[in-house]
Amino acid sequence: MKLKKIVTILFLMILCITLRAQSAHLRLDSLFNNINQDGELSGAVLVMDSSKVVYERYFGYEDSQKKRKIHQPTRFELAYCK
């Protein structure tokens, strides 16, 4: 009987963690969909928590002719301002 309680508690804990992660993903998706309503957002979004990818999504196009969508291996020119 005690083992059954422990297994049930562990199952519920794992379920809560999973639902929480899905909820965060849905909230982030909703946020970026609202920001990108006009389709002008261009770039990559990566959110990590403790070395685990929580959210990863790409917006926009690599080229000005809007033929190639941004995806994981897309390279960006970055600048550093001090």
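Structure above, values below:
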{"item": "Pairwise FRET efficiency - Arg27 versus Gln65, Cβ, R0 = 35 Å, nearest 0.05", "result": "0.55"}
{"item": "If the convex hull is drawn through the Cα atoms of region 18-80, its volume per residue in Å³", "result": "118 Å³"}
{"item": "Accessible-area ranking of Tyr55, Tyr80, Tyr61, largest first, probe 1.4 Å", "result": "Tyr80, Tyr61, Tyr55"}
{"item": "Distance (nanometres) between label positions extended 7 Å along Cα→Cβ at Ile6 and Ser50", "result": "2.1 nm"}
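The values are calculated or read from the model by the stated rules, or taken from the named source; none is laboratory data. Model, not experiment: these values are computed from the prediction. No Cβ is skipped: glycine too gets one built from the backbone with ideal geometry, and neighbour counts run over all protein chains shown. Keep in mind that these areas ignore ligands, DNA and RNA; they rest on the heavy atoms of the full protein, side chains included. Shrake-Rupley method; radii C 1.70, N 1.55, O 1.52, S 1.80 Å.
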